[in-house]
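The values are calculated or read from the model by the stated rules, or taken from the named source; none is laboratory data. Because the structure is a prediction, the values reported are computed rather than measured. Because the Cβ atoms are built from the backbone with ideal geometry, glycine has one as well, and the counts that use them run over all protein chains shown. Just so you know, the surface numbers come from the protein's heavy atoms only, side chains and all, with ligands and any DNA or RNA stripped out. Shrake-Rupley method; radii C 1.70, N 1.55, O 1.52, S 1.80 Å.
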Amino acid sequence: MDDNILEVKNLTTSFKVDEGKVKAVDKVSFDLKRGKVLGIVGESGCGKSITAMSIMGLVGAKNGLIENGQVLFEGKNLLDLNGLEINKVRGNEISMIFQEPMISLNPVLKIGDQIGEILKVHKNIIGAENKKRVLEMLRLVGIKREEEILNVYPHQLSGGMCQRVMIAMALACTPKLLIADEPTTALDVTVQSQVLELINDIKDKFEMSVMFITHDLGVICEVADEVMVMYAGSVVEKAPIEDIFDNPKHPYTIGLINSRPENFKKGEPLKCINGKVPKLSEISEGCLFSDRCDYVKDICKINKPKLKAISEGHDVRCFRYDWKEEGKI
Ligand SMILES: Nc1ncnc2c1ncn2[C@@H]1O[C@H](COP(=O)(O)OP(=O)(O)OP(=O)(O)O)[C@@H](O)[C@H]1O
Ligand SMILES: [Mg+2]
């Protein structure tokens, strides 16, 4: 069987806005290997969630349009499926943990019923077996007093508990692929590491593949096998985890790593990347990062560099590596 559970090719998603049409995801391509974790990082607004939602077939609800590309899940293009077919895949073979647990949980349904409903719809598990499985899922995500939790509503739970419930819901049908969109951002550090540990354990137990979205490189470091760095809708670097930290190439990746709180030294000024991510409606020609880049040259303002392999499994979108070959730097 093919080693890749997911192959995304040239995915392009746009939104209509007052200024015209903007591309939130621009020709994004990547593969995810079976049983592995791909981390997706980038600052706010870089297109991480819209990439995930495009894969799940959910951008239409946000007035987005997938203009181009393929999303091959076990070789089948999800973008060719009709509503009924994609619904079968969603929640069953692919699950997503959303960025906002409170918004994603149904406020008027008890926790037990929310998880039970998924098992009923996707696996036709009903009655006593349904309740048994719901309790098992709650225990699996580290929820104690599970009988009691069955009967509470989301607003009665803390953020950390809601996130655990979201994970239980996402895992109820033992999906082959889990898309976790900032699953720990809203949590305090202790709960955050418990949730990360939980996702790692469950991944191994069920041989699940995971797409893990975060803006926190520290979190990526703990979970990912491979990392994709996004900037303003484009992939700017893709590499195995050790290469990203030991041998980052794109000036944006380097900036993200240098601005990690762990890298701050007492008495030295805080390092951060100057400027901010451009508004999609204001994106001009050339490299999207050129306005913020310490290494910018004239060509960067005119042409957009291509994503280029610089070593096995390590791709980068930056002219610096062309200059290196030409001996200009
Ligand atoms: N419904 C929409 N209409 C117009 N633009 C949108 C819409 N939804 C998202 N966008 C734009 O698409 C871009 C990518 O958004 P996305 O939510 O994927 O960012 P993100 O990387 O997930 O950021 P964050 O870290 O804040 O979650 C942003 O510029 C955002 O403003
Ligand atoms: Mg997001």
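Please find the FRET efficiency linking S29 to E262, where r is the Cβ-Cβ separation and R0 is fixed at 45 Å, and quote it to the nearest 0.05. Efficiency, rounded to the nearest 0.05: 0.90. Between D188 and K123, the contour length at 0.36 nm per residue exceeds the alpha carbon distance by 20.0 nm. Put a plus charge on the Cβ of each Lys and Arg, a minus charge on the Cβ of each Asp and Glu, and nothing anywhere else: the dipole of the chain about its Cα centre is then about 420 debye. Rg/Rh for the chain (Cα atoms only, Rh after Kirkwood) is 0.99.
Amide H to amide H distances under 5 Å link I179 with S95, M96, I97, M211, where only residues 5 or more positions off or on other chains count and H is placed in the peptide plane. Considering only D216, D181, D243, the mean-square fluctuation computed in a Gaussian network model of the chain, springs between alpha carbons under 10 angstrom, is largest for D243. Our coupling estimate for region 240-246, obtained by passing each phi through the Karplus curve with A = 6.51, B = -1.76, C = 1.60 and θ = phi - 60°, is x, 3, 5, 5, 4, 7, 8 Hz, Gly and Pro reported as x.
GNM remark for the chain: springs join alpha carbons under 10 Å apart, and the peak mean-square fluctuation among S311, S281, S234 falls on S311. Couplings for region 59-67, taken from phi via the Karplus curve 6.51 cos²θ - 1.76 cosθ + 1.60 with θ = phi - 60°, read 6, x, 5, 9, 6, x, 10, 7, 8 Hz in order; Gly and Pro are left as x. Using θ = phi - 60° in the Karplus curve 6.51 cos²θ - 1.76 cosθ + 1.60, the 3J(HN,Hα) couplings for region 212-225 round to 10, 9, 6, 9, 9, 5, x, 5, 4, 4, 7, 10, 8, 8 Hz; x is entered for Gly and Pro.
Which trypsin sites (Lys or Arg not before Pro) does region 145-199 hold that lie in a coil by DSSP with at most 11 other beta carbons within 10 Å? Each step should come with its number before you reach the end.
On the way: sites: R145, R164, K176; in loops: R145, K176.
Passing sites in region 145-199 are R145.
Within the chain, the selection of entire DSSP H helices by a Cα span of 15 Å or greater along the long axis and an average Kyte-Doolittle value of at least -0.5 returns 111-123, 159-171, 189-206. Shape verdict for region 68-221, please, from the Cα gyration tensor: rounded (a/c under 1.5), prolate (a/b greater than b/c) or oblate. Oblate shape, in that a/c is at least 1.5 and b/c is the bigger or equal ratio.
Short-range pairs are left out: with C-alpha atoms under 8 Å and at least six residues apart, the relative contact order of the chain is 20 percent. A DSSP coil position with no more than 13 other Cβ atoms inside 10 Å describes the following GluC sites (Glu not before Pro) in region 187-261: E207. Counted by Cβ distance under 12 Å from C272, the other residues give a net charge of +3, where Lys and Arg count +1 and Asp and Glu count -1. For region 219-311, the square roots of the Cα gyration tensor eigenvalues, ordered a ≥ b ≥ c, give a/c of at least 1.5 with a/b no greater than b/c, which places it in the oblate category. Which net charge results for the neighbourhood of M166, defined as the other residues with beta-carbon distances under 13 angstrom from its beta-carbon, given Lys and Arg at +1 and Asp and Glu at -1? In short, -2.
Taking every protein chain into account, the accessible area of region 1-105 amounts to 48 square angstrom per residue (probe 1.4 Å). When the listed pairs K279/K308; K76/K176; K27/K88; K33/K205 are checked against a 19 Å cut-off, the alpha-carbon distance exceeds it for K279/K308; K27/K88. Hydrodynamic analysis of region 73-114 uses the Kirkwood radius over alpha carbon pairs. Inserted into Stokes-Einstein at 20 °C and 1.002 mPa s, it gives a translational diffusion coefficient of 173 µm²/s.
The simple Förster model, with R0 at 56 Å and r as the Cβ-Cβ distance, assigns R139 and K304 a FRET efficiency of 0.65. Dividing the summed helix terms, -39500 (n - 2.57) for each DSSP H run of n ≥ 4, by the number of residues in the chain produces a 222 nm estimate of -10000 deg cm²/dmol to the nearest 500. Proximity of backbone amide H atoms, modeled 1.01 Å from N, is registered between N68 and T12 at under 5 Å, excluding neighbours fewer than 5 places apart on the same chain.
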